[in-house]
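Encoded as structure tokens, the structure appears first; notes follow it.
The values are calculated or read from the model by the stated rules, or taken from the named source; none is laboratory data. Keep in mind that this is a model prediction, so the values were computed, not measured. Cβ atoms come from the backbone with ideal geometry, glycine included; neighbour counts cover every protein chain shown. Accessible surface is based on the protein model in full, side chains and every heavy atom, while ligands, DNA and RNA are left aside. Shrake-Rupley method; radii C 1.70, N 1.55, O 1.52, S 1.80 Å.
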Amino acid sequence: MKVLIIGGGGREHAICWKIKSYSENYKIYAIPGNGGISLIGECIKKDLSSFDEILNVVKEKKIGLIIVGPENPLSDGIVDYFKVKGYKIFGPTKKGAILESSKCFAKEFMKKYKIPTADFEIANSFEESIKIIEKRKIPYVIKFDGLAAGKGVRVIENYQEGENYLEEIFIKKIFKGKEEVVIEDCLFGKELSYLIFTDTNTYIPMVPAKDYKRVFDQDTGPNTGGMGCYSPPFYFNEKLEEEIKKKIVEPTLKGLEKENIDYRGVLYFGLMITEKGPFVLEYNVRFGDPETQVILPRLEGDLIEIIESTIEGSLDKIKIKWKEEKSLCVICASKGYPGEYEKGKEIKNIDKVKDVILFHSGTKLENGKILTDGGRVLGITGIDKDFENLREKVYKAVQIIDFEGKHYRKDIGIE
Ligand code: AMP
Ligand code: GLY
């Protein structure tokens, strides 16, 4: 079967790698793909916001299944577009994608269905939000309503910081979209990414992961898309999983059913595990990045079978097996990320690393050389029964990989 992957990051490379490592019979296409994907499939440059252009590729290449990686096309309705034309496509429709594309919707939804989340208020003007922050105890959190590539959330430590951020949103208009904010209590604890496959009626959990969002060690510096991950987190156990299912996953699926949202795809719960139990920080309507780079190497069997069952609504008929081995991924980023960074640096020593998987994020293949082409460049992933061996082999490979301005966190898998 011919499979088209939409997207070009580490998550999409991990999806392609998993499909291909199960069976060589799957033929991979990606729009736009990246340097790593181009080694196992065909990458096609097209504008992701033009569904008509994607349709031309689907017709020309006789694609049998489309898998959507990132949130933007989902929230723009790519699944609705292809579904009505009779194509098999993996991901929620626009109506389901709103769980991620509107933080205000997600918070109201959680409140309505009594899903534990931080107490919040919503405001849609500068004046209204200033009135709210004047009364708020610090720290608190301000979240821009719409999609902002992980940059819309700020934890506010003093009044001035809050005012400045609101000014950026409402007056300088740094983000596109509806000007609305969630202002919520700051939660303390350990973060956990809990992802499920669901067709709304049934769900199958994936193995959990811990993501490191800040750019520097000890969780300092600005938020990024994610600088590394490991699975399973040390603080995860069966009791916690039961609590997550009963208090969060099941009420969310019931809520979706009540709202008449036929949700088929991956649902990702960004959780804070507090002293009072798990709370939802956010929903994502897709695989996480870099979570996917540690989750899929632990999956046994055929990802395509799971995806097709999700689309068909027959997830209750299949079983998924996970490897006992633990996994860990360290992201090598370009100097300056998540701010400005340079591209086009040659990545050396790719062929010298052993016993790890290299997931490309921002790379391109040019004249036989792999060059940097994004903020997050490579995700170096290992799996191993012994966690110390695992960290050691991944970090050894991280040191061997060489490109100008390489930056990585040294504390992935420590806390
Ligand atoms: P979100 O996009 O809503 O997941 O937020 C991005 C990151 O901001 C999260 O992964 C947390 O690290 C942090 N964050 C978001 N909401 C809160 C909160 N209520 N309390 C503490 N940290 C938060
Ligand atoms: N790792 C965070 C995300 O995928 O949104």
What net charge is computed for the residues neighbouring GLY225, neighbours being all others with C-beta under 12 Å from the C-beta of GLY225, Lys and Arg scored +1, Asp and Glu -1?
+1
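Taking a probe of 1.4 Å, how large is the accessible area per residue of the range 281-415, in Å²?
Ligands and nucleic acids excluded, the result is 45 Å² per residue.
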Using Cα-Cα distances under 8 Å and only pairs 6 or more residues apart, what relative contact order does the range 1-146 have, in percent?
18 percent
Just grab the label-to-label distance for ASP47 and ILE400, each label 7 Å out from Cα along the Cβ direction, in nm (one decimal).
4.3 nm
Under a plain spin-label model, where a point goes 7 Å from the Cα along Cα-to-Cβ, how far apart in nm are VAL57 and LYS323?
2.9 nm
Please give the per residue volume of the convex hull enclosing the alpha carbon atoms of the chain, rounded to a whole number of Å³.
139 Å³
Leaving ligands, DNA and RNA out of it, work out the accessible area of GLU108 with a 1.4 Å probe and give it in Å² to the nearest 10.
90 Å²
Could you provide, to the nearest whole Å², the per residue accessible area of the range 94-171 with probe 1.4 Å?
49 Å²
Take the chain, connect every pair of alpha-carbon atoms lying under 10 Å apart with a spring to form a Gaussian network, then pick out the residue of GLY228, GLY288, GLY64 with the largest mean-square fluctuation.
GLY64
Can you send over the carbon and sulfur percentage of the accessible area for the range 111-225, probe radius 1.4 Å, protein chains only?
52 percent
Radius 11 Å from Cβ of ARG154, net charge of other residues (Lys, Arg +1; Asp, Glu -1)
-1
For the chain, build the charge dipole from Cβ charges (+1 Lys, Arg; -1 Asp, Glu) around the Cα centre, then report which of THR252, PRO139, THR274 sits farthest towards its positive end.
THR252
Checked against a 20 Å limit on the C-alpha separation, the offending pairs among LYS88/LYS323; LYS103/LYS176; LYS18/LYS335; LYS20/LYS61; LYS210/LYS323 are LYS88/LYS323; LYS18/LYS335
Structure-based [θ]222 nm, the chain - -39500 (n - 2.57) summed over DSSP H runs of at least 4, per residue, nearest 500:
-8500 deg cm²/dmol
Let me make sure I get this right: for the range 254-314, a, b and c are the square roots of the gyration tensor eigenvalues over alpha carbons, sorted descending. Under 1.5 in a/c it's rounded, otherwise prolate if a/b > b/c, else oblate. Which is it?
oblate
Points 7 angstrom from Cα along the Cβ direction at LYS94 and ILE130: gap in nanometres?
3.6 nm
Express as a percent, rounded to the nearest 5, the fraction of DSSP beta bridges in the chain (both residues included) that run antiparallel.
80 percent
Relative contact order in percent for the chain (Cα pairs under 8 Å, 6+ apart) equals 17 percent
